[in-house]
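Heads up: the structure comes next, in structure tokens.
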Amino acid sequence: MNKDNNKVNILIVDDEASVRGSLSRWFEEFDYNVGSAADAAEALDKFRPGKWDIVFLDIRLPGMDGTELHHKMKEIDPDITTIMITAYASVDTAIKTLKDGAYDYITKPIDPDYLSHLVSNIIEKKQLFSENQKLKKRLNALCKFDKFLGDTPQIKKLLDLVKTVAPTDTSVMIRGESGTGKELLAQLIHSLSPRRYSPIVTINCAGLTPGLAESEFFGHEKGAFTGAIYRRKGKLEIAHQGTVFLDEIGCIDSKTQMDLLRAIETRQFTRVGGNEIVNVDFRLICATNLDMEKAVEQGTFREDLYYRLNVFSLFVPPLREHRADIPVIANGLLKKLSTSMNKNITGFSNGAMDLLTNRDWSGNVRELRNSIERAVVVCNKQVISSDCFVLDNISDISPQDQSLMTIEKRHIQNVLDKTGGNITHAAETLQIDRTTLYHKIEKYGLCR
Amino acid sequence: MPIASRVNIVPLDFDDDELLGNMSSSISQAFQIPTRIVPMDIRLDMGRNRQRDQLNSTWVLSQLLSQSLNNSDKILGITVHDLYTPILTYLFGEAELGGRAAVVSTYRFRDELYGLPANKDNLEKRIEKEAVHELGHTFGLVHCLNFDCVMHASTYIEEFDYKTNSFCPLCVSLLDERTNT
Ligand SMILES: [Zn+2]
Ligand SMILES: [Zn+2]
């Protein structure tokens, strides 16, 4: 009967079983702890001071009615947040309970939008989110990152730097080749920072045209340009109180650089096509595989913005520079992939591991992951041997494998690898539509 | 929790085969398990509320369960009808948390509902996300604070369009944990 301290506790009092069932399922999906009662007697039996955070209470109950039960509950636990559930016909009665300390009332049937915002506002006010649970998740994340990045002294040093900088509000620039896991590192920093309760929002600066970039960063008002049918919040606004992760920062155009610099300096901006000033508070993390100093020297990247972004610099080494980590990373990936594909593969043969540790991995951990994923698909033994790995160059394919189908399959896989499994981008590159691409992925059993 | 061996997709008054095919490959990608389309004989008029012109999603879940006896299969119903429960005005979908059955509806994902021209691509992206989201619940995943994550609870269509159709690293690790035990 102890209060579950890790969760928000919600009690639902309603005589209709379908109402109790439906609301319980709805709240459980938010990870709340839910209890229910069919009448006042059962409710009072389950009610203790401090046990529940929010009570949903039907006005009309058999026996003692909702208003009376509400009054009793408030006597027992004056801090309890109560929300009355009422039919339109009884709204007057519900309003009276507000004078008796009810937080709000809602009419049946309940609008789910309204319900979720009502509850999240209450929780925010009560700050009920538990440290414990968040901590557990963060530790999980940390384990995952260790496995992903490796545990050589080089990587340990990097993770130490991450732990040092994460709790501060310092802007971080993460450098490293593509596929080294810069985005995961950004997420790790965010999840170890005081901003972890707010979102981390990624803006991929590569492939943003100047017009697109503006609305992506700052949002737009309805009708700001052709196709602006909704008012849309920009990502800086969505990231309020959280972290903005600017991937491929070297790719942003000069106008966006200027707009971004201003937004960083003033912490405010206006949406495209609007006048309203939006105030924001966010931490900046950016990533790049370009030589930013050279870009500054050549005048393609603003020096003032560069200094704003590059307060603290982290370098993720390419996989070939910490080969000693390959067995750890490969085994971690294998365990994960073989379980998810329902295969019982326990390890790599010596030959296969040699192959993995000696390759250059220009696509780094991402390429390693994709290769292992394909090997797991192909492998029908307990141990992955070197012949489970498919070579990447068409010229390496033996003559009998040069059928159009084989080459198509391989080419699509390569494109998918390059786009990180993004179907839309891959379809564009291949100049086929998404449906056809999905069809081919299924046909060839490819990995995204 | 047993590892699911398959997701059975059950069309309920749903005849867009192309969309079903795409959705089925998305699901199979997201959970790394096979999917198949399994028609079932469910008389939807029994679960319809004529006054509200909606389909009772809890009723659908119970029908799906009563007709699917293989305990290691997940079952996903997909319908064009607007879903409701007696206490909630509408639902994009519903699932048994940590259970087997889920149902999703395309009804609220049509741009026509918001006074815009029909857009199949938008509809498809949204229903794919919703299907992965509800199935995520059947694997025991709860809502996620990460706006990009498919397990984010999106109540507005804009937020829905913002999130991706995949799991964030935290949810991936939780999903791993769930499917590994
Ligand atoms: Zn959900
Ligand atoms: Zn998530």
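The values are calculated or read from the model by the stated rules, or taken from the named source; none is laboratory data. Remember, predicted model here, so these are calculated numbers, not experimental data. All Cβ positions, glycine included, derive from the backbone under ideal geometry; neighbour counts span all protein chains shown. Ligands, DNA and RNA are stripped out before the accessible areas are found, and what is left, the full protein with its side chains, is counted by its heavy atoms. Shrake-Rupley method; radii C 1.70, N 1.55, O 1.52, S 1.80 Å.
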> Which number do you get for Rg(Cα) / (2.2 N^0.38 Å) in chain B?
Replying inline: 0.97
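Work out the length of the dipole vector of chain B about its Cα centre, built from +1 on the beta-carbon of each Lys and Arg and -1 on the beta-carbon of each Asp and Glu, and round it to the nearest 20 debye.
Working: 16 positive and 25 negative charges, 92 e Å.
Using only the charged Cβ atoms, the result is roughly 440 debye.
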> Just checking chain B: which Cys have no other cysteine's beta-carbon under 4.7 Å?
Replying inline: B:C171
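On alpha-carbon atoms, Rg over Rh for the protein assembly as shown using Kirkwood Rh?
We get a ratio of 0.98 for the protein assembly as shown.
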> How big, on average over all directions, is the shadow cast by the Cα convex hull of segment A:9-138, in nm²?
Replying inline: 7.8
> With a sphere of radius 12 Å drawn around the Cβ of A:T435, what net charge do the other residues whose Cβ falls strictly inside it have (Lys, Arg +1; Asp, Glu -1)?
Replying inline: -4
> Ranked from the most accessible area to the least, with a 1.4 Å probe and all protein chains present, what is the order of A:E297, A:E28?
Replying inline: A:E297, A:E28
> Using unit Cβ charges (K, R positive; D, E negative) and no other charged atoms, how large, in debye to the nearest 20, is the dipole of the protein assembly as shown about its Cα centre?
Replying inline: 1220
>> Quick check: at a probe of 1.4 Å, how many percent of the accessible area of the protein assembly as shown sits on carbon and sulfur atoms?
In response: 51
> Projected onto the charge dipole of segment A:189-336 (+1 at Lys/Arg Cβ, -1 at Asp/Glu Cβ, origin at the Cα centre), which of A:Y230, A:L305, A:F282 gives the Cα projection farthest towards the positive end?
Replying inline: A:Y230
> Taking a probe of 1.4 Å, how large is the accessible area per residue of segment A:349-389, in Å²?
Replying inline: 46
> Excluding same-chain residues fewer than 8 positions from A:K255, which aspartates and glutamates have a Cα within less than 12 Å of its Cα?
Replying inline: A:E214
> Which whole number gives the average count of other chain Cβ atoms within 10 Å of the Cβ atoms across peptide B:165-173?
Replying inline: 4
> Total accessible area buried between chains A and B, 1.4 Å probe, in Å² to the nearest 100?
Replying inline: 4500
> Stretched out fully, how many nm does the piece from A:K125 to A:R320 gain, at 0.36 nm a residue minus the Cα gap?
Replying inline: 65.3 nm
>> Strictly over 27 Å apart at the Cα level, which of A:K182/A:K409; A:K46/A:K125; A:K7/A:K222 would you flag in this model?
In response: A:K182/A:K409; A:K7/A:K222
> Which value, in debye to the nearest 20, gives the size of the charge dipole of segment A:9-138 about its Cα centre, when Lys and Arg are +1 and Asp and Glu are -1 at the Cβ?
Replying inline: 520
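Of B:K129, A:K294, which has the most accessible area and how do the rest follow, probe 1.4 Å?
My answer, sorted largest first, is A:K294, B:K129.
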> Between B:V80 and B:Y156, what FRET efficiency follows from the Cβ-Cβ distance if R0 is 22 Å, with the result rounded to 0.05?
Replying inline: 0.55
>> Just the number: Rg to Rh for segment A:274-318, Cα atoms, Kirkwood Rh, two decimals.
In response: 1.10
> In deg cm²/dmol, rounded to 500, what helix-only [θ] at 222 nm does chain B give when every DSSP H run of at least 4 residues adds -39500 (n - 2.57) and the total is split over its residues?
Replying inline: -10500 deg cm²/dmol
>> Which three extents, in angstrom, do the Cα atoms of segment B:47-131 have along their principal axes, listed largest first?
In response: 42, 30, 18
>> Not counting ligands, DNA or RNA, and with a 1.4 Å probe, what is A:F225's accessible surface area in Å² rounded to the nearest 10?
In response: 90
> Add -39500 (n - 2.57) for each DSSP H run of 4 or more in chain A, then divide by its residues: what number comes out at 222 nm, to the nearest 500 deg cm²/dmol?
Replying inline: -14000 deg cm²/dmol
> Residues of segment B:6-25 with amide nitrogen under 17 Å from the 7 Å Cα-to-Cβ point of B:D45?
Replying inline: B:13-14
> Could you give the length gained on full extension between A:E42 and A:R60, defined as 0.36 nm per residue of separation minus the Cα-Cα distance, in nm?
Replying inline: 5.0 nm
> Quick one: Debye curve from the C-alpha atoms of segment A:145-317, no solvent, what's log10 I(q)/I(0) at q = 0.15, 0.19 Å⁻¹?
Replying inline: -0.84, -1.26
> If R0 is 51 Å, what FRET efficiency do you get for A:S18 and A:S386 from their C-beta distance, rounded to 0.05?
Replying inline: 0.30
> With each pseudo-label sitting 7 Å past Cα toward Cβ, what's the A:E68-A:H117 distance in nm, one decimal?
Replying inline: 3.6
> When only Cα pairs under 8 Å and 6 or more residues apart are kept, what is the percent relative contact order across segment B:7-142?
Replying inline: 24
>> Can you tell me the orientation of helix A:17-28 relative to chain A, as the angle in degrees between its alpha-carbon axis and the longest Cα principal axis, to the nearest 10?
In response: 40
> Could you give the angle, 0 to 90 degrees to the nearest 10, between helix A:434-444's Cα long axis and the longest principal axis of the Cα atoms of chain A?
Replying inline: 70
>> As I understand it, the dipole of chain A uses +1 on the Cβ of Lys and Arg and -1 on the Cβ of Asp and Glu, about the Cα centre. Which of A:A40, A:I203, A:L98 lies farthest toward its positive end?
In response: A:I203
> To the nearest 10 square angstrom, what accessible area does A:E214 show with a 1.4 Å probe?
Replying inline: 60
>> Using a 1.4 Å probe on the protein heavy atoms only, what accessible surface does A:K443 show? Give it in Å² to the nearest 10.
In response: 120
